[in-house]
Amino acid sequence: MQVYIDGKYYEKENAKVSVFDHGFLYGDGIFEGIRVYSGKVFKLKEHLDRLYKSAKALMLEIPLTPDELKKDVEDAVKRNQKTNGYIRLVVSRGEGDLGVNPFLCKKASVIIIVGDIQLYPEKFYTEGIPVITSSLRRISPDCFDVRIKSLNYLNNALAKIEAAQAECMEAVMLTREGYVAECTGDNIFIVSNGVLYTPCLTDSALEGITRSFVMEIAERAGMTIRETHLTQYDLYTADECFLTGTGAELIPVNKIDGRVIGSGRPGEWTKKLANLFHEAVHT
Ligand code: PMP
């Protein structure tokens, strides 16, 4: 594996960053997880757009233009000879001193890792996964807007611990007002009476690239789509539920807080959208 750090490539064991890097010291940085399907980087433009928006919100200057970064991501994929894989693109604030002041960091650091990802064992894609609702609220925009895809995932990690302790693989997180936001690493959808619902982005949900893509696919398949407030009641009484994310792709949910969703098996729309998704990403 050849890891890109600031324009140079290193073998995995030599790919290292400074302990004074503020990404390490303070979680001060941003990232993207991106898929490679059939030799093509999936939705690279959308990922780069989101990365540069996160950077703008954090006043973090990426030392490359979007075109230069696009080229470097594609070169890293070629160099690692990946036809199907997963890219982790990280921009950290860079080396600074031990204080939190980001403006004392000399230069942001860009890292590109090209590897593989398998978030869930295969059988869960055909059977669905059980999830719980976390007791922890998703961070509110008055603290930090989660549309910034930052390196600080502790809110998510704590909810993931709760899920693991309940022997579940994911946790649904609510907003402070009690509306459904998203899961720790995925967006959430339900189908009720043939209509596709997902939380609106102002309910502390990341503007997922997979979320947008699945909405496009659903629209083409003739579904009505509503981005709206959702509550736990909406989840419990839904006909179908699934999660979307670059790593997870589209995974059915069969149980939420012990309530069986629909028949307890992946629903017809979920299966259809998953099939259309897999067809589309490889063309
Ligand atoms: N929400 C969170 C908190 C995430 O970390 C992710 C990405 N893993 C998503 C949603 C899904 O976003 P995307 O489809 O762009 O991967």
(message) Considering only residues that are charged (D, E, K, R) and closer than 19 Å to PRO63 by Cβ, which ones fall in segment 17-44?
(response) ASP21, ASP28, GLU32
(message) Of all residues being basic (Lys, Arg) and away from the ligand (no atom under 16 Å from the Cβ) in segment 192-232, which is nearest to ARG176 (Cα to Cα)? Just the residue, please.
(response) ARG226
(request) From the list PRO130, PRO121, pick out the single residue that is loosely packed, with under 14 Cβ neighbours inside 10 Å, under 26 Å from VAL253 (Cα atoms) and not small (Gly, Ala, Ser). (result) PRO121
(request) Return yes or no: is GLU207 free of Cβ contacts under 8 Å to residues at least 60 places away in the same chain and either closer than 25 Å to ASP142 by Cα or out of contact with any Cys (no Cβ under 7 Å at 6 or more places or on another chain) (or both)? (result) no
(request) Could you please find all residues in segment 46-70 being over 16 Å from ILE34 (Cβ atoms) and of a type outside the set (A, V, I, L, M, F, W, C)? (result) LYS56, GLU61, PRO63, THR65, ASP67, GLU68
(message) Anything in segment 100-121 that is among the aliphatic types (A, V, I, L, M) and part of a loop (DSSP other than H, G, I, E, B)? List them, or say none.
(response) VAL100, ALA108, ILE117, LEU119
(request) Look at segment 7-49 and say how many of its residues are in contact with a helix residue (DSSP H, G or I) (Cβ under 9 Å, 6 or more places away or on another chain), acidic (Asp, Glu) and surrounded by 18 or more Cβ atoms within 10 Å (Cβ to Cβ). (result) 2
(request) Hey, can you tell me all the residues within segment 208-227 that are under 21 Å from LEU174 (Cα atoms) and over 20 Å from the mean Cα position of the chain (by Cα)? (result) ILE225, ARG226
(request) Being buried (at least 16 other Cβ atoms within 10 Å of the Cβ) and among the small types (Gly, Ala, Ser) is the filter; apply it to segment 136-165 and report the residue that is farthest from ILE30 (Cα to Cα). (result) ALA163
(request) Only residues that are in contact with a strand residue (DSSP E or B) (Cβ under 6 Å, 6 or more places away or on another chain) and within 13 Å of the ligand (Cβ to nearest atom): list them for segment 233-246, please. (result) PHE242, LEU243, THR244, THR246
(message) I'd like the residue in segment 55-86 that is small (Gly, Ala, Ser) and over 19 Å from LYS106 (Cα atoms) and, out of all such residues, is surrounded by the fewest Cβ atoms within 10 Å (Cβ to Cβ).
(response) GLY85
(message) Consider segment 138-183. How many of its residues are in contact with a strand residue (DSSP E or B) (Cβ under 7 Å, 6 or more places away or on another chain), touching a residue at least 40 places away in the same chain (Cβ under 8 Å) and not hydrophobic (A, V, I, L, M, F, W, C)?
(response) 6
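Throughout, read-outs are computed from the coordinates displayed, never taken from laboratory work. Everything numeric in this text was worked out from a predicted model, so none of it was measured. Cβ sites come from the backbone with ideal geometry, for glycine too, and all protein chains shown count toward neighbours.
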